[in-house]
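The values are calculated or read from the model by the stated rules, or taken from the named source; none is laboratory data. Predicted, not measured: the structure shown is a model, and the values here were computed from it. Quick reminder, even Gly has a Cβ in these numbers, built from the backbone with ideal geometry, and neighbours come from all protein chains shown. The accessibility values were calculated without ligands, DNA or RNA, using every heavy atom of the protein model including side chains. Shrake-Rupley method; radii C 1.70, N 1.55, O 1.52, S 1.80 Å.
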Amino acid sequence: MSQEPAPPEAPSATALNLVSGLLADATAMARSGLASPADIDTAMRLGAGHPVGPLAFLNGLDPRTRARHGLAEPPPADTGSDRSDQVSDDGAWDHPVGIAGTGTMASGITEALLRAGVPTVVLARSHASAERLRAGVAASMDQAVAKGRLAASDRDRALSLLEATTRPDDLAGCGHVIEAVAEHRDTKRELLARLDATLPESTVLATNTSSLTVGEIRADLPERRAVIALHFFNPAKAMKLVEVVGAARDTAVLDTARAWVRRIGKVPVRCGDERGFVVNRLLIPYLNDAVRAFDSGAFTAAEADALMRQALGHPMGPFELIDLIGTDVTAAAQTMLYEASGDPRLKPADGLLRLVADGRLGRKSGGGFHDHTPSSSRSTA
């Protein structure tokens, strides 16, 4: 794992109160063994853009400051927990990779693989959707060439590695297949069942889910089939983090998967199979905590966003981030975590649900906690 940067000094009491739930969740996650301290910190830096991981941040606080804000002492830093540096895939995943889906995430993962020199076969529902994906990936690479970030020869070489099909059996030569379809359990289950019935037993099936568990997605599949999560982050062509998740019976596959993730230029983190994995399990409740504090009148959205950017160096404040994700998407993710745990703290905050009911869905609707109409950039909340 890369070395953590130094945490910011003397954060304000308000900033600490805002992030205290996230810090407590990260500590509990590490102590439960769901993920290692190093993986937790790496995930939040690369997946959420935080300049310092939560456990490194806690370690950097004066013990008296932690005590004053009711923050637990963080678990000791782990050493040597990342085995993927010592694991070689031995060519096990040298085969082409299959991608099932043609939406935003499928396109992003496809482009990331092509840029890494990986032959990729995309399974589309129709020839039209396959062509849209091909055109979108080509346009993205053309833009990179125009900006001087990609050589034209590298673009041409990458695009030559792309094959699209509407026939599941055309994925038979792939070593593993990543489904990246809509985030609906039944949709994913049905797709994986089709792939299981079509592909060789040796093909590893992977899901790009961000809010479901591997266990519930693979529930109808035979035990002999290896199923894991390879959760890429959007935009997949640029984001380095990949969460690698699965059951203990698939440990060897998971180790190989982490080695493969490094080989394509990404950074893997391993975590247990619970909804939200690392980043969303920490980030979504933190956003909910912020909305509850906002509902109480503790601050305006603009004040909280400025504080978290300036005091803690977050790339976005909580309300800016909710508006980017979408209030509806944030509420849906929060609901899934709440239903899985029953923890009252995870129940979607009233202020969030009000915005959804009012059709204020964030940037995509022109307004959420902030006004995103072209003529205004001010906060309305």
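Residue-wise test of (1) touching a residue at least 24 places away in the same chain (Cβ under 8 Å); (2) over 23 Å from D39 (Cα atoms); (3) in contact with a His (Cβ under 8 Å, 6 or more places away or on another chain).
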| residue | (1), (2), (3) |
| --- | --- |
| V253 | yes, no, no |
| T256 | yes, no, no |
| R262 | yes, no, no |
| K266 | yes, no, no |
| L287 | yes, no, no |
| V291 | yes, yes, no |
| G297 | no, yes, no |
| A302 | yes, yes, yes |
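Taking helices (runs of 4 or more DSSP H) that do not extend beyond the stretch 103-185, which have at least 3 residues that are open to solvent by less than 60 Å² (accessible area, probe 1.4 Å) and in contact (Cβ under 8 Å) with a residue 40 or more places away in the chain?
Output list reads 104-115.
Considering only the stretch 121-152, state which residues are in contact with a helix residue (DSSP H, G or I) (Cβ under 9 Å, 6 or more places away or on another chain), of a type in the set (A, V, I, L, M, F, W, C) and closer than 12 Å to E111 by Cα.
Listed by number, the residues that qualify are V121, V122, L133, V137, A138, M141, A144.
Looking at (1) among the polar types (S, T, N, Q); (2) under 18 Å from R275 (Cα atoms); (3) assigned to a helix (DSSP H, G or I); (4) in contact (Cβ under 8 Å) with a residue 24 or more places away in the chain, which one does S211 not meet, given that it meets all the others?
Tallying (1) among the polar types (S, T, N, Q); (2) under 18 Å from R275 (Cα atoms); (3) assigned to a helix (DSSP H, G or I); (4) in contact (Cβ under 8 Å) with a residue 24 or more places away in the chain, S211 fails exactly one: (3).
Among the candidates A15, A10, A30, which residue alone is closer than 25 Å to A298 by Cα and modelled with pLDDT of 90 or more?
A15
Looking at M308 and the list (1) in contact with an Asp or Glu (Cβ under 8 Å, 6 or more places away or on another chain); (2) under 21 Å from L46 (Cα atoms); (3) hydrophobic (A, V, I, L, M, F, W, C), which single condition is not satisfied?
(1)
Answer with yes or no whether L230 is outside any helix (DSSP H, G or I), closer than 17 Å to H176 by Cβ and open to solvent by 10 Å² or more (accessible area, probe 1.4 Å).
No, not satisfied.
Taking the condition modelled with pLDDT under 95 and open to solvent by 40 Å² or more (accessible area, probe 1.4 Å), does D94 pass?
So D94 passes the test.
Of these, A38, A48, which one is open to solvent by 10 Å² or more (accessible area, probe 1.4 Å), within 13 Å of L283 (Cα to Cα) and among the small types (G, A, S)?
Among A38, A48, only A48 is open to solvent by 10 Å² or more (accessible area, probe 1.4 Å), within 13 Å of L283 (Cα to Cα) and among the small types (G, A, S).
Which one of the conditions (1) under 17 Å from the mean Cα position of the chain (by Cα); (2) more than 18 Å from L241 (Cα to Cα); (3) not polar (S, T, N, Q) does F57 fail to meet, given that it meets all the rest?
Every condition holds for F57 apart from (1).
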